[in-house]
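Comments concern the structure below.
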Amino acid sequence: MIGRINIPNSPAVPRVMSSSASVFAAYERFIVQNAETVGFVETLLQAGYNLTPARFGDNEVTSEGVYALVNLLTLYHDVILWKYSQRNQQTVAGRPIAKRVLPSWWQRISVVLSSITATELFIEVFFRSKGKHWNAIFIVELMRAFIRLLLLYKAKGSILVRQRVPAREKPTHAEEDNENPFLPVPVNQRETLIDWAREEASTQMAGKEWNNYWKAQSQGDRMKLYVPTYPQSKRTLGEFLYILRPVVYLLAMKKFGKKSWLPWLISFFVDYCSNKLSKSQQKVNVDEAEELTRRKMLWALYLVRSPFFEKVLCTFFAKLIPAFIKRRSKKLSGNVSRMIKGYRDIYFYTAGSD
């Protein structure tokens, strides 16, 4: 018969846990207090890495692995600052009409989507070295689409803003006069009669049930919540097309080939329809307008996707640039061509699914 073994309580374990918690807390305070400097260093690291031709070649798996680690560290810093700004909304948000506090489930999904974006390049080149990169790409896009569909369901079909952890919270008018937007700013948060009238008008337009849903989800002061505009069925359909576009593009490439015009045209058509449907309602808030503009700017990536790049863009520039300039800048053009080819060979650089 095995008797019970009594393990004496050791004060070392709580001490170690307490010490670790204090270290993390001190690190988070450092990031919050030095957000601008940390952001500048991160930008230098990422920009320098993006402009290095040596990242493409035999060591691209290692290179993209290091880049993924830098992205994950940057994401960790962004999460620290985002959580701080969400917790301290009353001192950071500026004017009381700025509704920026998102529900906790929206914040968690944003962190997951940001993690996928931070590591997708490494996943692609790692599996490309094993000859299975298209399967890996499809799984990543399918997983991202599933998570976005879950977010669309929870958001009741509204425009999916803040799908990623914001790089840095944008300062409002009250914060622009402060040197560090992440330090407390004294703000009068009392709800005025004008604020009350605005809230009542919004409630009548969107429906009381809609406003009550978001208040219940965020569990906070109604003057600090993010409440999306009430979506009609067309806008929800537009969001659905936006989510599924990358998956449709990959399936079309698998069927017709990367060099065919059909995948390019199908993808652009889905993007165009999505944008038109999402903008079918006149009423959008500031975050939704910024999100729709961001998506439209991603259309520029169609210029560097096959077959438009080879059959239109390259042909145009080949006729535009005189031959003597090509001869004089042969070395420079060779480096530029190598970088462009490196970027275009990796799907996620030009996918526009971010």
Cα→Cβ-extended label distance, 7 Å offset, between Asn135 and Phe30, nm:
4.3
Across the stretch 340-354, in residue order, what do the Karplus-derived ³J(HN,Hα) couplings come to in whole Hz, using 6.51 cos²θ - 1.76 cosθ + 1.60 with θ = phi - 60° and x for Gly and Pro?
4, 4, x, 5, 6, 6, 9, 4, 5, 5, 10, 5, x, 9, 5
If you add up the charges near Ala351, with Lys and Arg at +1 and Asp and Glu at -1, over every other residue whose beta carbon is less than 14 angstrom from its beta carbon, what do you get?
0
Sorted largest first, the C-alpha extents of the stretch 218-307 along its principal axes in whole angstrom are 53, 25, 23
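Suppose R0 equals 35 Å. What FRET efficiency, 1/(1 + (r/R0)^6) with r the Cβ-Cβ distance, do Ala47 and Leu150 give to the nearest 0.05? Don't skip to the end; give the middle numbers.
Working: r = 33 Å, r/R0 = 0.96.
Once the sixth-power term is evaluated, E becomes 0.55.
Every read-out reported here was derived from the displayed coordinates using simple, explicitly stated rules and does not represent laboratory data. Predicted model only: the values in this text are computed from it and were never measured. No Cβ is skipped: glycine too gets one built from the backbone with ideal geometry, and neighbour counts run over all protein chains shown.
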